[in-house]
Amino acid sequence: MMTAIKPTTVSALPLRFSLPIGGVAGTSFKPEHLSAILEAGPQAGFFEVHAENYMGAGGPTHRALEAIRRDHPLSLHGVCMSIGGPQPLDKAHLARFRGLVARYQPALVSEHLAWSTHDTSFFNDLLPLPYTEATLACVCDHVDQVQEAIRRPLLLENPSTYVTFRESSMSETDFIRGIVERTGCGLLLDINNVFVSATNHGFSALDYLADFPLAHVGEIHLAGHAEQTDDDGNLLLIDSHDGPVADSVWKLFEIIVARRGPVPTLIEWDSRIPDWPILQAEAAAAQAILDRCKAATAEDRRAA
């Protein structure tokens, strides 16, 4: 049950520009966890929400988010901007997105390298795109528009994919590098997405990550995935966000943190939502890896 929260005007909220949050672990914010979070009091981590769930003007969803934001940094994660699509960005959607950034002053703002709209149709999925010069130019134009609207860098998330395109003329990592170089955006590295795509397409996740522009990563996502089989009986992974992080993804995370250093890391869990202590335990496991990296870095500096 949603905890009753006294309505508060936006102007009265102590919403301030978030300072950089560093190498801390966070979790997706789910309204069913609100009571437990408020009872526990302020925590060291951060919370991430999907922007599209808060594009109304007010109501219980905003009151819940306002309560969380008073004591915790937020990460605002868009899922419907269709940055990878060929048609112009939806100006009304972009305006609502900009309004949320202004209202909650999130520490991190991100979107997906994907598309989800065509003409007047909307697809409830994050669809892949061909990696060509024409697509790159379109994506960069869209990223520029978003960054101009929100007046800050956007973090762009690498996709999980299930098909590839014959017309692709560059690798995914080269395509992402090109976006960063042309737009100055940052990156959200979803390690589960890398593992899912590598398994589905038969390439090495480690090789992919070795070629990824890690210096521009401003946030990491970790999530669970589901195992299925395709029509030929081959293993097919689905980026389901409905369970704990897999051991193989944890191992990749340790490798990346050792290379990149500790950055804000989110546990995504968007369906079959567990009780709050289970989600907390996943975040604690991520925080332990981040803290070990911090300790190792400090030791190296003392030894230098």
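The values are calculated or read from the model by the stated rules, or taken from the named source; none is laboratory data. All of these numbers come straight from a predicted model, not from anything done at the bench. Cβ: placed from backbone, ideal geometry, glycine included. Neighbour counts: every protein chain shown. These accessible areas exclude ligands, DNA and RNA; they are computed on the full protein's heavy atoms, side chains included. Shrake-Rupley method; radii C 1.70, N 1.55, O 1.52, S 1.80 Å.
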Inspect the stretch 239-248 for any residue being open to solvent by 40 Å² or more (accessible area, probe 1.4 Å), part of a helix (DSSP H, G or I) and not hydroxyl-bearing (Ser, Thr, Tyr) and give the result as yes or no.
yes
Any residue in the stretch 208-221 that is farther than 30 Å from Ala107 by Cβ, open to solvent by 20 Å² or more (accessible area, probe 1.4 Å) and free of Cβ contacts under 8 Å to residues at least 24 places away in the same chain?
no
Mind listing whichever residues of the stretch 212-238 are in contact with an Asp or Glu (Cβ under 8 Å, 6 or more places away or on another chain) and of a type in the set (D, E, K, R)?
none
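Do you know which residues across the stretch 187-207 are open to solvent by less than 10 Å² (accessible area, probe 1.4 Å) and touching a strand residue (DSSP E or B) at 6+ places or on another chain (Cβ under 7 Å)?
Leu187, Leu188, Leu189, Asp190, Ile191, Asn192, Val196
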In the stretch 39-80, residues that are open to solvent by less than 10 Å² (accessible area, probe 1.4 Å), closer than 17 Å to Trp115 by Cβ and either touching a Ser or Thr at 6+ places or on another chain (Cβ under 9 Å) or among the polar types (S, T, N, Q) (or both) total 2
Against the definition (free of Cβ contacts under 8 Å to residues at least 60 places away in the same chain, open to solvent by 50 Å² or more (accessible area, probe 1.4 Å) and either under 24 Å from Leu155 (Cα atoms) or touching a strand residue (DSSP E or B) at 6+ places or on another chain (Cβ under 7 Å) (or both)), how does Arg259 come out, yes or no?
yes
